[in-house]
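Colleague: Take this structure, written in structure tokens, and hold onto it; I'll ask about it next.
The values are calculated or read from the model by the stated rules, or taken from the named source; none is laboratory data. The structure displayed is predicted, hence computed values, not measured ones. Using ideal geometry, Cβ is built from the backbone for each residue, glycine included, and neighbour counts are taken over all protein chains shown.
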Amino acid sequence: MKYLAICEDDLLFQFMRKVATRRGEVLFLVQRPEVARRIRRHGGSSQWGDLEKEETYQKSHLEQVNQVILFIRGLELRSRVYLLLRSLKPELPILSLSSEKETTGDRKDPFLRHIPLEDIFQEFCAPQLLDTFNRQKVERIRSLFREKDKIHILLQHDPDPDAIGSALALRELLGRNRPTTPLVTFGQVTRPENVAMIRLLDIQIDRISYDDLHRDGARLALVDVQPPYFGASLGKVDLVVDHHPKRIPFSARFTDLRPHYGATSTIFTEYLRATGMEPSQRLATALLYGIKSDTLFLDRGSHIADLEAFTFLYLFANRAMITRMERPELPRQDLEALGRALSRLQLDDGVAVIHMGEVQREDVIPQMAEFCLQIEGVEWGVASGLCGDRVVISVRNVGYVKSAGDIMKRLFDEIGSAGGHRAMAKAVIPVERFKEHFGEVSEKVIREAMVPLITQREEESGND
Ligand SMILES: [Mn+2]
């Protein structure tokens, strides 16, 4: 392959030096003899001449050239050189570099490729700038804590994969471990996928009370959430790294908020990359799952940064394990309880109600409610079970119907805790209180309490 690089000075040579001196197949054609000499002094091959004269190209053996790289900044000279080249060799591939978007030659010329210089910067220099920016953030984060400090990494009430992945990454960046830097929450992990995640990756999340947040001088770091989320004051907050917009003001010693990012895990992946740390398989899996679930597989509100972080993590992560998290398995005993319940399944107006009796693991209940939605004609899935001394009821619907959260609140808020969103809700009621109120814990009782509220038409049920 023979390349001819046509340029005004040796800047292009500096860019291409590695290729140009190693392969020796790039001839630099410049206008001034001193530039040609400079290129030769650095090991390149060069010629000089008037770029607008045909004889210059004859001397460069244009007939043997396979490709031309054109790097002339002035638009007029560039156009004249382009036209001359075209008249000499109509099908010669030309790559043109310039600061304009597209100017040289004919748009329809199939053998002309144009690369704006800004794209080259974007591709190769911008990541470096981002790296130095992130490295500075990491230095700042590390300087926040002293060695003997205990750090609580506080997550939202029902920690999700993005928060969990981010918390693990923060711990890694600080070079710390579980005892000195525990993950804490005021609530607990409930979604089956997230329960599967912490089980498969052996992640411990401790429940904490407001009173214990700063016990024994413990420091406080928040990831994927901001202090106002918690309602009550958290005391002194050292760090907040999040991708949600700052709606309510708060103060912290260090904040890094990037609302245009799809996931907090993306920010932490950038931190890790910038410091040259290779994530362990466990950490990469957690972060990858965090990005994947928060962006609905790079769909919702995602950013090019999410895609780059995803690509980086993909190599290190255990993808088979992510598949297992997304399809959490049912424990055997619970499967039997489920089989019995399914055989009795009765549908009322698109509502499937299943009572599983005693279950080993609470997360099979929401999993079951979700499963019910896959049955033909079902718009609502209601699953319940007994976990120790509590009745747990989980509801899922197709989303464009009444609010599941409202119904659960109306029915169970007085005797237990109940709530949720339009499409998913949950109630937890002490068995004794449930019995006092409904007589017994059975499918029949739950069906009779819930189905009328679900199927009642809006106008009958008032304005909700
Ligand atoms: Mn998030």
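Colleague: Inspect region 179-193 for any residue being within 16 Å of the ligand (Cβ to nearest atom), in contact with a Leu (Cβ under 8 Å, 6 or more places away or on another chain), under 28 Å from Lys292 (Cβ atoms) and assigned to a loop (DSSP other than H, G, I, E, B) and give the result as yes or no.
Modeller: No, because not a single residue in region 179-193 is within 16 Å of the ligand (Cβ to nearest atom), in contact with a Leu (Cβ under 8 Å, 6 or more places away or on another chain), under 28 Å from Lys292 (Cβ atoms) and assigned to a loop (DSSP other than H, G, I, E, B).
Colleague: Enumerate the helices (runs of 4 or more DSSP H) found wholly within region 11-65, keeping only those where 1 or more residues are hydroxyl-bearing (Ser, Thr, Tyr).
Modeller: Fully inside region 11-65 and qualifying: 11-23, 54-59.
This table checks each residue for (1) part of a helix (DSSP H, G or I); (2) surrounded by 15 or more Cβ atoms within 10 Å (Cβ to Cβ).
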| position | (1), (2) |
| --- | --- |
| Lys409 | yes, yes |
| Glu414 | no, no |
| Lys426 | no, yes |
| Glu436 | yes, no |
| Glu440 | no, no |
| Ile446 | yes, yes |
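Colleague: Of the residues that make up region 22-33, is at least one out of contact with any Pro (no Cβ under 8 Å at 6 or more places or on another chain), at pLDDT 95 or above and of a type in the set (Val, Ile, Thr)?
Modeller: Yes, there is a match, as at least one residue in region 22-33 is out of contact with any Pro (no Cβ under 8 Å at 6 or more places or on another chain), at pLDDT 95 or above and of a type in the set (Val, Ile, Thr).
Colleague: Of (1) within 16 Å of the ligand (Cβ to nearest atom); (2) at pLDDT below 95, Ala232 satisfies all except one. Which?
Modeller: Checking Ala232 against (1) within 16 Å of the ligand (Cβ to nearest atom); (2) at pLDDT below 95, the one that fails is (1).
Colleague: Sticking with this one: Given the structure, is Asn397 farther than 19 Å from Met368 by Cβ and at pLDDT below 95?
Modeller: no
Residues checked against (1) under 40 Å from the mean Cα position of the chain (by Cα); (2) in the same structural domain as Arg219 (by TED's automatic domain parsing):
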site	(1), (2)
Leu77	no, no
Leu83	no, no
Pro127	yes, no
Phe133	yes, no
Glu139	yes, no
His152	yes, yes
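Colleague: If you go through region 301-343 one residue at a time, how many are out of contact with any Pro (no Cβ under 7 Å at 6 or more places or on another chain) and outside any helix (DSSP H, G or I)?
Modeller: Going through region 301-343 one residue at a time, the tally reaches 10.
Colleague: Between Asp202, Asp211, Asp149, which is more than 30 Å from Phe371 (Cα to Cα) and either within 16 Å of the ligand (Cβ to nearest atom) or assigned to a loop (DSSP other than H, G, I, E, B) (or both)?
Modeller: The conditions single out Asp149.
Colleague: While we're here: Among (1) more than 17 Å from Pro161 (Cα to Cα); (2) crowded, with 19+ Cβ neighbours inside 10 Å; (3) modelled with pLDDT of 90 or more; (4) out of contact with any strand residue (DSSP E or B) (no Cβ under 7 Å at 6 or more places or on another chain), which single condition is Gly276 missing?
Modeller: In the conditions (1) more than 17 Å from Pro161 (Cα to Cα); (2) crowded, with 19+ Cβ neighbours inside 10 Å; (3) modelled with pLDDT of 90 or more; (4) out of contact with any strand residue (DSSP E or B) (no Cβ under 7 Å at 6 or more places or on another chain), Gly276 misses (2) alone.
Colleague: Quick one: count up the residues across region 273-302 that are among the acidic types (Asp, Glu) and touching a helix residue (DSSP H, G or I) at 6+ places or on another chain (Cβ under 7 Å).
Modeller: The total comes to 1.
Colleague: From the set of residues in region 285-304 that are surrounded by fewer than 23 Cβ atoms within 10 Å (Cβ to Cβ) and more than 12 Å from the ligand (Cβ to nearest atom), which is modelled with the highest pLDDT?
Modeller: Ile304
Colleague: Do the conditions hold for Arg247, that is, is it charged (D, E, K, R), surrounded by 17 or more Cβ atoms within 10 Å (Cβ to Cβ) and farther than 16 Å from Ile164 by Cα?
Modeller: No; evaluated as a whole, the condition is false for this residue.
Colleague: Among Leu92, Leu83, Leu112, Leu75, which is surrounded by 14 or more Cβ atoms within 10 Å (Cβ to Cβ), aliphatic (A, V, I, L, M) and under 21 Å from Asp9 (Cα atoms)?
Modeller: Leu83
Colleague: With respect to Glu118, is the statement that it is under 19 Å from Tyr271 (Cα atoms) and either more than 16 Å from the ligand (Cβ to nearest atom) or assigned to a loop (DSSP other than H, G, I, E, B) (or both) true?
Modeller: No.
Colleague: Further question: Answer yes or no as to whether Ala320 is more than 16 Å from the ligand (Cβ to nearest atom), touching a strand residue (DSSP E or B) at 6+ places or on another chain (Cβ under 6 Å), more than 30 Å from Glu123 (Cα to Cα) and among the hydrophobic types (A, V, I, L, M, F, W, C).
Modeller: When the stated conditions are applied, Ala320 does not pass them.
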